[in-house]
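The values are calculated or read from the model by the stated rules, or taken from the named source; none is laboratory data. The model shown is predicted, which means the values in this text are computed figures rather than measured ones. Every residue, glycine as well, gets a Cβ built from its backbone with ideal geometry; the counts of neighbours run over all protein chains shown.
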Amino acid sequence: MTGEVTPPPPPDRSLIYAVAGSLVLLVLAVSAGAGASRALRPAPPSPSPTPTPFVRVSPTEPPDTGPLVFTQPLSAGCAAGDAVYVVSDGGGIGRFEFDRWQLIDPIARSLVAATCHGDILTAVGGGGRVITIDDRAQTVSSDSIGFEDFLGVAPLADGILVVGRSGLVQRQSGGGWGAYATGIDEDLYAVAAFSPTSAWAVGAGGVSYRLEPVGWRPVATGATATLRAIAARAVDDAVVVGDDATILLWNGAWTRADAPVRVGFRAALQVGDGTYIAGDQGTLLRLSGGPAAPALIRIDLGTTCTLRGLFSRGTEVWVVGSDGGRAAVWRVGAAGSITGWGACP
């Protein structure tokens, strides 16, 4: 296994999508007759030749596309600029600002992971798709990088690190995109990056790889289930979760914590002194105490919806869930208050 590979020249950027008032009205007309998210999943149109900003919605601007956000198969989200964004695996993109949700982009795309840095959101998904939203400029752009599915993304100071199917690892920086690992064969579902020479990646069959100056080094986990998410403040402070109620904590080696419920876990997030873990059957846990004496407390969202994504805005924890054509988002405040939107029972 080797370390960094010099990236190729950047690909042409294309497909900048917008939602103006007339397009939103069209989406409302289509979706009203369908009653489900399937109506919002046509094949993407041809690339737009020129960038077009989407319309910034104010609290008084009609029409209201907020209900349509929750007919999308929501998968992930993050906070960029003054807004919160949610993306979907086979649907459109939602935006929350002024205590109001709007479907800002109805184009159907397969997006499964997202990260935000400042005003910029980057989401990745099937077929090497990369979506970039600039909240300040109010633009959405779309790139396709290769053919393998992207499954996880993490920010770096000068770009992003992406992992995916069949051991795919790609780094995007000022010089463009380039392969960033060789010799890894397993599907990689999640990555946490700290610098160009320090990161974790986890995936199928319980594998974990640690990026060091000499390259990616496999690190045994003792798990065989697929590992789907990682939360880490630093390379030596990490929590990994996955199928079969798998929760792993790093303490010089991976150690397993006993989960209070036997479900699969899909997302993890570190906020303050705790780690939040989300997964199947509406399960949301808060982990505290560290590897020596971990304590897990369940937070009741009042749902059995599959929880697929976690992100933070300040001290708030945001939870993204969806099943079929129904979706919901919850906001958990620092004092434990819970606000929800949508309907995913």
Of the residues in the range 141-155, those that are among the aliphatic types (A, V, I, L, M), assigned to a strand (DSSP E or B) and either at pLDDT below 95 or touching a Lys or Arg at 6+ places or on another chain (Cβ under 9 Å) (or both) come to Leu151
Reported set for the range 201-211 where residues are touching a residue at least 40 places away in the same chain (Cβ under 8 Å) and either surrounded by fewer than 17 Cβ atoms within 10 Å (Cβ to Cβ) or under 17 Å from the mean Cα position of the chain (by Cα) (or both) is Ala201, Val202, Gly203
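Identify all residues within the range 163-190 that are touching an Asp or Glu at 6+ places or on another chain (Cβ under 7 Å) and assigned to a loop (DSSP other than H, G, I, E, B); write none if there are none. Outline the logic, then answer.
Taking the range 163-190 and keeping what is touching an Asp or Glu at 6+ places or on another chain (Cβ under 7 Å), we get 164-168, 173-174, 180.
Leu168, Gly174, Tyr180, listed by residue number.
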Taking the range 324-345 and keeping residues closer than 13 Å to Gly309 by Cβ and part of a loop (DSSP other than H, G, I, E, B) leaves Cys344
Reported set for the range 165-195 where residues are farther than 20 Å from Ala238 by Cα and crowded, with 22+ Cβ neighbours inside 10 Å is Gly167, Leu168, Gln170, Arg171, Gln172, Trp177, Tyr180, Ala181
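Filtering the range 212-230 down to residues that are assigned to a strand (DSSP E or B) and among the hydrophobic types (A, V, I, L, M, F, W, C), which residue is nearest to the chain's Cα centre (by Cα)?
First pass over the range 212-230, keeping only residues assigned to a strand (DSSP E or B): 212, 215-218, 227-230.
Now restrict to residues that are among the hydrophobic types (A, V, I, L, M, F, W, C): 216, 227, 229-230.
Values: Trp216: 23, Leu227: 15, Ala229: 10, Ile230: 12 Å.
Per the stated criteria, the residue is Ala229.
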Filtering the range 190-204 down to residues that are closer than 18 Å to Val124 by Cα and either of a type in the set (Gly, Ala, Ser) or out of contact with any strand residue (DSSP E or B) (no Cβ under 6 Å at 6 or more places or on another chain) (or both) yields Ala190, Ala192, Ala193, Ala201, Gly203
Checked pairs for the range 228-256, first hydroxyl-bearing (Ser, Thr, Tyr), second surrounded by fewer than 17 Cβ atoms within 10 Å (Cβ to Cβ) and assigned to a strand (DSSP E or B), C-beta under 8 Å and 6 or more apart or across chains, list as Thr246/Arg256
Expected output for the range 297-315 (first residue assigned to a loop (DSSP other than H, G, I, E, B), partner at pLDDT below 95 and exposed (fewer than 14 other Cβ atoms within 10 Å of the Cβ), Cβ below 6 Å, 6+ apart or cross-chain) is Thr315/Ala334
